[in-house]
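Let me begin by presenting the structure, written as structure tokens, before commenting on it.
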């Protein structure tokens, strides 16, 4: 089965359906105030790239790369490297267990490295065991909760240092 992963607009029916399913999944696990889900308009902002995984042309996975720029974790802008956050990672239940999430994560990491991002961070929930296992197998390490997630007991944060190409 041919898999294609590439940046695509968020505002299209298949992607919006994946976002809806992702919302349902998150709201079934966590209180609404602990679901930090970007909507379509937020995914269309500058600095946000939505990747869509298609299997035989059908959109079955999504993930977004949100570039923070050089802003420090404390909001001071003191870090000397760019950071980005992985958001809205979701694979349709029909495609789970087939390596699609791993491929999406790899595409996000490659795009971040090419953009000069030195660190990729993410937030997930403690009940998402498969996601946590994927991130840990992929070299992500647990970090203190950051930003809006700082005091949320339903948030678990991870980060991975990336290899920035020399130019």
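For this structure, a couple of remarks:
- Separation of the residue 148 and residue 21 label points, Cα + 7 Å toward Cβ, nm: 2.4 nm
- Fewest neighbouring Cβ atoms within 10 Å first, the residues 83, 58, 103 line up as 58, 103, 83.
- In the chain, Cα pairs under 8 Å separated by at least six residues give a relative contact order of 20 percent.
- Overall form of segment 1-57 per C-alpha gyration tensor (a/c, 1.5; a/b vs b/c): oblate
- Comparing mean-square fluctuations of 127, 86, 18 from a GNM of the chain with C-alpha springs under 10 Å, the top value falls on 127.
- Of 23, 39, 56, the residue with the greatest mean-square motion in the GNM of the chain, using alpha carbon springs below 10 Å, is 56.
- Max mean-square fluctuation residue, GNM over the chain, Cα-Cα springs under 10 Å, options 109, 44, 123: 44
- Hull volume in cubic angstrom per residue (convex hull over the Cα atoms of the chain): 120 Å³
- Under the simplified labelling scheme, the residue 133-residue 56 pair shows an inter-label distance of 2.6 nm, with each label point 7 Å from Cα along Cα→Cβ.
- Note that segment 100-156, at 10 °C in a medium of 1.306 mPa s, gets a Stokes-Einstein diffusion coefficient of 128 µm²/s from its Kirkwood radius over C-alpha pairs.
- Separation of the residue 96 and residue 12 label points, Cα + 7 Å toward Cβ, nm: 2.5 nm
A short reminder: the numbers here are calculations on the coordinates, not readings from a lab. Remember, predicted model here, so these are calculated numbers, not experimental data. No Cβ is skipped: glycine too gets one built from the backbone with ideal geometry, and neighbour counts run over all protein chains shown.
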